[in-house]
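I have placed the structure first, in the form of structure tokens, so that the comments after it can refer back to it.
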Amino acid sequence: MRMSKLVGRRIKEDPKDAKTVSHKFLIRGGYVRLVSAGIYSLLPVGKRIVDKIERIIREEMDRIDGQEVLMPVVLPAELWEESGRYKSVGQELLRFQDRNDKPMLLAMTHEEAVTHLVRTEVSSYKQLPVMLYQLQTKYRDEARPRAGLIRVREFTMKDAYSFHTDQQDLEQYYERAHEAYERIFRRLGMLRVLSIAANSGMMGGAVSHEFMAICECGEDTVITSPDQRYRANREIATAAWKFEKSASLPLEKVHTPGSKSIEEVATFLGVKAENTGKAVFYQNVRTGELIFAVIRGDFEVNEAKLGNLAGAAELKFADDAAIAAIGCVAGYASPLSLASDKVKIFVDRSAAESSNLVVGANEPDYHYLNFNFDRDLAGQPQVVVADIATVREGDPCPVSGAPLEMCRGIEVGNIFQLGTKYSAAMNCSFLDQNGKSHPMVMGCYGIGVGRAMAAVMEQSNDEYGPVWPMSIAPYQLQVCAILPGKDGVGEKAEALYAALLREGIEVLYDDRGEKAGFMFSDADLLGVPLRVVISPKTLQDGEVEFKRRDGKTEVERLKLDGLVPELVKRVKQELALFAN
RNA sequence: CGGGGUGUAGCGCAGUCUGGCUAGCGCGACUGCUUUGGGAGCAGUAAGUCGGGGGUUCGAAUCCCUCCACCCCGACCA
């Protein structure tokens, strides 16, 4: 490709709204352009990268016996009615009517569509297991798209769905899929990806893993032990907390005027946060049901854990009116002396297993000293002791006991054991050897393609631009001609360009005759891994300059004589690093 | 959805408070000349529904009403 014809202008300045590295360089390098919030066009270089990512994904999906299909983006609502998700999913599902007022939707995932497909095409145990996958547009009407391609509304996803006769077969296949994912991210050149235990949320199913590209701008918090044997999303992470019991002291009501928050109460009474109990009220958004969480003052409630326990897909903080309705006083709320059959009380182990905590008295400006769960609350039917705490950095690892570490990650892929949630609801079944019908057992496996591109960029860049791995680079080699009108530079560069194309090398040829610095800056923004500079300076010695974008080796001089085979060799060597 | 902010040439911005001539500046684009190793210089050219609608006024980018879009923080999120 000639730079003089390449569409997608490079921009010298950082775009004002871009905060993350990938967002800046995606715009500055002319990879993508915003069309509407969270909706992007891919320009030629961006498209080339995406194509390469997709090719690698296809190879690895085919390797684990996947069959590529393509399902529609626009689906009739009735299909989603079957699974119950037409109602259960919130506003991120874009619903609309066709000309006959028939309710339709833009698919945000394809469990329903694929289940519909498989139930009509597969009916015997002899055909199972089977895996179908597609690379296709998803639409999610996100409340807040952000950070360029990291969180968008429209995007390409590789989504795969496997169907099995039983759970054991699913589990075996799940392992293969896990391995395929590790190969994919390695081949994409991602420097650090962790698979971590994850919250299955509304997808259903019990077991799931997220593949996290570790980097600062990640939206998720990853909890790991120092030896990496324990790896979990903070949403579900737990720790081997130990709480000290001491002799119970008698309950005592104390006057605590104006002390509503834990900090205020602790300061007023001269105790530490860990000597207090915190009352937090949530409401199940769907049902309006009030949920009362009690946790030690130095911990935070983990909403994902609490929601899972309470059977609530979505929680929100309860308003004061709802709290008052069950006889609690916000700021001084207490699980003690509560009109309690109206509300479920979830008590975190931190509060249940500690002694003599300060808790509210359900009365303005009063708290109790010396709350002891076993004596004061245990045994009531609506009270549940559970782990609803958010893991903190340094908490003891549940496997090794070592202090847990925290980092940020971009979720570039996820895999789920779905079980029969969709197959049962949608009557996707097979006949076994005895002619007996069973719902198929399903797994699903996703990768966000554009997000993967952004994640690679986040992990592999310098101050001038991205440093693409050879496997997904928009071009393999860049040729810069400096002063093409002088000393035959242009002719030599043209000849080199033509010869490399004949060898099947993907060449980006800067034929514009711009100033050297200008060309180098553009080249850096495009991140092509290998670069050849032809100029009068070295041409007089019959040489060109050779430079790696990653700077791993010094700039070299290569003889024009035999240059083409040498460059071909180097491209192939580099490419081989990412072979399967 | 809550809070904050921004909309003026392809991009980045000034002008708005305090209404007034033909709406400016930098980058980019185009033409010519000179330049050429890390985003060159000079000269010239083209490019604007001042986010939309309504209002006030002799006169609105500027004041008022309203709608919209986009960004940031939070909430939410497979």
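Less than 5 angstrom separates the built amide H of A:Thr276 from those of A:Gly297, A:Asp298, A:Val358, all sequence-distant by 5 or more or on a different chain. Taking trypsin sites (Lys or Arg not before Pro) across segment A:252-358, the ones in a DSSP loop with at most 16 further Cβ atoms lying within 10 angstrom of their Cβ are A:Lys260, A:Lys272, A:Arg286. Of the trypsin sites (Lys or Arg not before Pro) found in segment A:65-168, the ones in coil according to DSSP and having at most 15 other Cβ atoms within 10 Å of their Cβ are A:Arg99.
Residue-wise HN-Hα couplings along segment A:533-543, as the Karplus relation 6.51 cos²θ - 1.76 cosθ + 1.60 with θ = phi - 60° gives them from phi, are 10, 10, 8, x, 3, 9, 5, 5, 9, x, 10 Hz; Gly and Pro carry x. Diffusion coefficient of segment A:1-47 by Stokes-Einstein, Kirkwood radius over Cα pairs, 4 °C, 1.567 mPa s: 116 µm²/s. Here A:Asp17 and A:Glu81 are evaluated by their C-beta separation; at R0 = 30 Å the FRET efficiency comes out at 0.15. All Cα-Cα distances of segment A:248-384, cut into 10 Å bins from zero to the largest, leave 13, 46, 35, 6, 0 percent in each bin in turn. At q = 0.15, 0.25, 0.26 Å⁻¹ the log10 of I(q)/I(0) for segment A:392-486 amounts to -0.91, -1.21, -1.23, computed by Debye summation with a single uniform scatterer per C-alpha, solvent ignored. Note on A:Lys158: lysines with a C-alpha under 19 Å away, same-chain residues under 8 apart excluded, are A:Lys47, A:Lys52, A:Lys138.
For A:Lys552, the aspartates and glutamates whose Cα comes closer than 13 Å to its Cα, not counting residues fewer than 8 places off in the same chain, are A:Asp462, A:Glu574. What accessible area per residue, rounded to a whole number of Å², is obtained for chain A using a probe radius of 1.4 Å? Computed with neighbouring chains in place, this is 44 Å² per residue. Between segment A:76-143 and segment A:443-474, the C-alpha centres lie 28 angstrom from each other. Remark: relative contact order (segment A:15-64) = 21 percent; criterion is Cα-Cα distance under 8 angstrom and separation of 6 or more residues. Between amide H atoms placed 1.01 Å from N, distances below 5 Å from A:Leu315 occur with A:Val285, all of them 5 or more places distant or on a separate chain. Per-atom-type breakdown for chain A gives carbon and sulfur 50% of the accessible area (1.4 Å probe, protein chains only).
Charges were assigned to the Cβ only: +1 to each Lys and Arg, -1 to each Asp and Glu. The resulting dipole of chain A about its Cα centre is roughly 1320 debye. Helix A:167-187 axis versus longest C-alpha principal axis of chain A: approximately 50°, rounded to the nearest ten. At each listed q (0.13, 0.31 Å⁻¹), what is the log10 of I(q)/I(0) that the Debye formula gives for segment A:276-329 modelled as equal alpha-carbon point scatterers? After summing over all Cα pairs, the log10 values are -0.30, -1.24.
Max-minus-min Cα coordinates of chain A on each principal axis give 96, 67, 50 Å, with the largest extent listed first.
Shown here are the Rg and Dmax of the Cα trace of segment A:1-146, at 19.6, 60 Å.
What are the trypsin sites (Lys or Arg not before Pro) within segment A:419-457 that DSSP puts in a loop, where the Cβ has at most 12 other Cβ atoms within 10 Å?
Those satisfying the criteria are A:Lys436.
Remark: accessible surface ordering of A:Ile56, A:Ile11 (largest first) is A:Ile11, A:Ile56, probe radius 1.4 Å.
The amide H of A:Asp220, built 1.01 Å from its N in the peptide plane, has A:Gly409, A:Glu411 as neighbours under 5 Å, considering only residues 5 or more places off or on other chains.
Axis of helix A:111-121 versus longest Cα principal axis of chain A: the two differ by about 70°, to the nearest ten degrees. With θ taken as phi - 60° and the Karplus curve 6.51 cos²θ - 1.76 cosθ + 1.60 applied, the whole-hertz 3J(HN,Hα) list for segment A:29-43 is x, x, 8, 9, 9, 6, 9, 8, 3, x, 10, 10, 8, 9, 8 Hz, x standing for glycine and proline.
State log₁₀ I(q)/I(0) for segment A:531-570 at q = 0.21, 0.28, 0.31 Å⁻¹ as given by the Debye formula over alpha-carbon point scatterers of equal weight, solvent excluded. Results for segment A:531-570 at q = 0.21, 0.28, 0.31 Å⁻¹ read -0.63, -1.00, -1.11. Packing-based ranking of A:107-113, A:371-377 yields A:107-113, A:371-377, ordered from highest to lowest mean Cβ neighbour count within 10 Å. For segment A:338-471, pairs of C-alpha atoms spaced more than 25 angstrom apart make up 65 percent of the total. Averaging sequence separations of C-alpha pairs under 8 Å and six or more residues apart, then dividing by the length of chain A, give the relative contact order as a whole percent. After rounding, I find 17 percent. A convex hull fitted around the alpha carbon atoms of segment A:157-247 yields 184 Å³ per residue.
Here the Karplus curve 6.51 cos²θ - 1.76 cosθ + 1.60, taken at θ = phi - 60°, turns the phi angles of segment A:81-97 into couplings of 5, 4, 8, x, 7, 4, 8, 6, 7, x, 5, 5, 8, 7, 9, 7, 10 Hz, with x standing for Gly and Pro.
Ordered from highest to lowest accessible area with the whole protein assembly present and a 1.4 Å probe, A:His178, A:His255 read as A:His255, A:His178.
Could you tell me whether segment A:461-544 comes out rounded, prolate or oblate from its Cα gyration tensor? Rule is a ≥ b ≥ c as square roots of the eigenvalues, rounded for a/c under 1.5, then prolate if a/b exceeds b/c, otherwise oblate. Judged from the Cα gyration tensor, segment A:461-544 comes out oblate (a/c at least 1.5, b/c at or above a/b). Candidate cross-link partners of A:Lys272 among the lysines, defined by an alpha-carbon separation under 19 Å and a same-chain spacing of 8 or more, comprise A:Lys242, A:Lys245, A:Lys253, A:Lys260. Heavy-atom accessible surface of A:Val7, to the nearest 10 Å², is about 90 Å², with a 1.4 Å probe and all protein chains retained.
Rolling a 1.4 Å probe over the protein chains gives A:Ile39 an accessible area of about 40 Å².
The values are calculated or read from the model by the stated rules, or taken from the named source; none is laboratory data. Note that the structure is a prediction, hence the values are computed from the model and not measured. We place every Cβ from the backbone using ideal geometry, glycine too, and count neighbours over all the protein chains shown. Each accessible area value is taken on the protein alone, full model and side chains, heavy atoms only, with ligands, DNA and RNA left out. Shrake-Rupley method; radii C 1.70, N 1.55, O 1.52, S 1.80 Å.
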